[in-house]
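In what follows, a structure is listed as structure tokens, so that the remarks can point back to it.
The values are calculated or read from the model by the stated rules, or taken from the named source; none is laboratory data. Just so you know, these numbers come straight off a predicted model, no measurement behind them. Note that each Cβ is placed from the backbone with ideal geometry, even for glycine, and that neighbours are counted across all protein chains shown. To get the accessible areas, we keep the full protein, side chains included, count just its heavy atoms, and leave off ligands, DNA and RNA. Shrake-Rupley method; radii C 1.70, N 1.55, O 1.52, S 1.80 Å.
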Amino acid sequence: MKPTFLIATFVAAAAGLLLPATASAESKKPNVLVILADDLGYGETSIQGNPQIPTPNIDSIGKNGVRFTSGYVSGPYCSPTRAGLFTGRYQQRFGHEFNPGPAQAAGQAVGLPVEEKTIGDRFKEAGYTTGWFGKSHLGYEPQFHPLKRGFDEFYGFLGGAHDYFDAGGDKANPILKGTEPVQSIEYTTESFAKEAVSFIDKNKEKPWFVYLPFNAVHGPLQATEKYLARFANIEDQKRRTFAAQLSAMDDAIGTVLEKIRAQGQEENTLIFFFADNGGPTPQTTSQNGPLRGFKAQTWEGGIRVAWLAQWKGHIPAGQVDDRPVIQLDILPTALAAVGVEAKPEWKLDGVNLLPYITGEKKDVPHDALYWRFGPQIAIRKGAWKLVKGANPESKPLDRRGGANVEGAELYNLDKDIGETNNLAASEPEKVKELAAEWEKWNSELVAPKWLPGNAGKKGGAGGKKRQAARTQVQSN
């Protein structure tokens, strides 16, 4: 070999002009990690003000980036929120208004419609390797399986809830690796994180998208002795077990974040953390802080959740932002981060939040946010919220949801976050304005494709049976 060639090679390498056959960690497209907590109340993490249960790893996401104090989800319980996340669209636009129900009863057409492209599909089209580790709750039939919805790997379960220790306790809803049932697990929270870490490790030379939807802190309330021992000072056993579950999830999230740091990928990874709905406090003790209401209600306690994002070097750290955002924004924001611009024909309701987070845009991401959940409705515009948050345990849900604005209450959330002072009588023009906007949005929606307690194989989505939402809430 000639000396001149050796000198040229050395100079080029020193200048960073010679690249390895595979892209280096610094040069590949950014990774995206979406972490979803199940049934976590707005006021439970320490970054949200709870001193009882330390959550340093969850907190770090907000401290290293932004915490949205008015972060919302488009549905007040599990499956609809996930359908909205996966599509970037209000799920009521395609009939996914309610939970699918248990596997034994769900009909063949009950699940996230196959006509809707998912966040997994979008990232696959962008050249990403995709992994899903945890709960699905978007349909049981083969066409709804994660491996058919844009994901290369899946480890988790298809239903709405699962035993934390017994992989096959529910024969209709087992823990799966791909499409094959898993024979045993240690603890679902730890198992899901372990699988995510393995996926991230083996795909470190590729751009990856990871969806990590824990079943924690959803019931059943189950925890290991290791975590129960951390909260020996809590006398109430239900609360103690809940605290242990949350602490285990925080540790599990920490193992995933540590793997990203160890690979030198922290500045090349966009991370989101949010919850699918507010806490069902009577069932699990999951508390919603100063907010009114619980899971399955359109009061703030059902739809406002912990909502954090981190992208070191891109999102300024330590931000606390009170502008309303919604989980529908995650898809367009994540795609924008990796260089994919949303197309008009996708008809997204979510928006790219990056210009707002970085300060490029000073206004609000959304003029208004909307909700319809059976007979319950809500619209938030600025500080104002018009809401009819009926008690789902006593109000039946009919096919069109019985949704209308008659009797709705009005609150100024800037002054009354707990929705205690109904201003409808003193602000009739504001009621009229918000009602008209909600009605316009509602006119664009379709009827639910199935109903709580009526998504079964006998009668399907068009049957006559009507059942209170209580059944659906308690079973999922």
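List of remarks:
- The set of residues in the stretch 136-151 being crowded, with 21+ Cβ neighbours inside 10 Å and over 23 Å from V256 (Cβ atoms) consists of G139, Y140, F144.
- Qualifying positions in the stretch 228-256 - surrounded by fewer than 21 Cβ atoms within 10 Å (Cβ to Cβ), touching a residue at least 24 places away in the same chain (Cβ under 8 Å) and part of a helix (DSSP H, G or I): F231, K238, R239, D251, G254, T255
- When restricted to residues that are outside any loop (DSSP other than H, G, I, E, B), closer than 17 Å to G289 by Cα and in contact (Cβ under 8 Å) with a residue 24 or more places away in the chain, the stretch 37-57 contains 3.
- Selection within the stretch 247-287 - of a type in the set (K, R) and out of contact with any Asp or Glu (no Cβ under 9 Å at 6 or more places or on another chain): R261
- Flag if L434 is under 30 Å from V446 (Cβ atoms), in contact with a helix residue (DSSP H, G or I) (Cβ under 6 Å, 6 or more places away or on another chain) and either at pLDDT 95 or above or not hydrophobic (A, V, I, L, M, F, W, C) (or both): no
- For V110, the conditions (1) crowded, with 24+ Cβ neighbours inside 10 Å; (2) within 19 Å of the chain's Cα centre (by Cα) all hold with the exception of (2).
- Of the residues contained in the stretch 100-116, none is found to be among the polar types (S, T, N, Q) and modelled with pLDDT of 95 or more.
- Whichever residue in the stretch 342-364 is in a loop (DSSP other than H, G, I, E, B) and farther than 27 Å from E115 by Cβ and, among such residues, is least open to solvent (accessible area, probe 1.4 Å): G359
- Residues of the stretch 159-182 that turn out to be under 18 Å from the mean Cα position of the chain (by Cα) and open to solvent by 20 Å² or more (accessible area, probe 1.4 Å), as a count: 1
- Sub-7 Å Cβ pairs linking a first residue in the stretch 155-181 that is without any contact (Cβ under 8 Å) to a residue 12 or more places away in the chain to a second residue that is part of a loop (DSSP other than H, G, I, E, B) and open to solvent by 10 Å² or more (accessible area, probe 1.4 Å), at least 6 apart or interchain, are G169/D163, ordered by first then second residue.
- Verdict on G339 being part of a loop (DSSP other than H, G, I, E, B), over 20 Å from the mean Cα position of the chain (by Cα) and not polar (S, T, N, Q): yes
- Test: residue in the stretch 435-445 that is open to solvent by 50 Å² or more (accessible area, probe 1.4 Å), in a loop (DSSP other than H, G, I, E, B) and without any contact (Cβ under 8 Å) to a residue 60 or more places away in the chain: yes
- Considering I330, I315, the condition of being open to solvent by less than 10 Å² (accessible area, probe 1.4 Å), among the aliphatic types (A, V, I, L, M), modelled with pLDDT of 95 or more and under 21 Å from Y370 (Cβ atoms) is satisfied by I330 alone.
- Of all residues in the stretch 267-293 being without any contact (Cβ under 8 Å) to a residue 60 or more places away in the chain and not β-branched (V, I, T), the one that is surrounded by the most Cβ atoms within 10 Å (Cβ to Cβ): E267
- Hey, T269 over 24 Å from I330 (Cα atoms), modelled with pLDDT of 95 or more and not hydrophobic (A, V, I, L, M, F, W, C) or not: no
- Restricting the stretch 77-107 to residues that are polar (S, T, N, Q) and surrounded by 23 or more Cβ atoms within 10 Å (Cβ to Cβ), the residue that is farthest from I326 (Cα to Cα): N99
- Residue ID - farthest from Y211 (Cα to Cα), chosen from residues in the stretch 118-135 that are touching a Leu at 6+ places or on another chain (Cβ under 9 Å) and either open to solvent by 10 Å² or more (accessible area, probe 1.4 Å) or without any contact (Cβ under 8 Å) to a residue 40 or more places away in the chain (or both): A126
- Every residue from the stretch 183-196 that is in contact (Cβ under 8 Å) with a residue 40 or more places away in the chain and open to solvent by 30 Å² or more (accessible area, probe 1.4 Å): E190, K194, E195
- Set V217, V210: member being within 30 Å of L413 (Cβ to Cβ) and either open to solvent by 10 Å² or more (accessible area, probe 1.4 Å) or touching a strand residue (DSSP E or B) at 6+ places or on another chain (Cβ under 8 Å) (or both): V217
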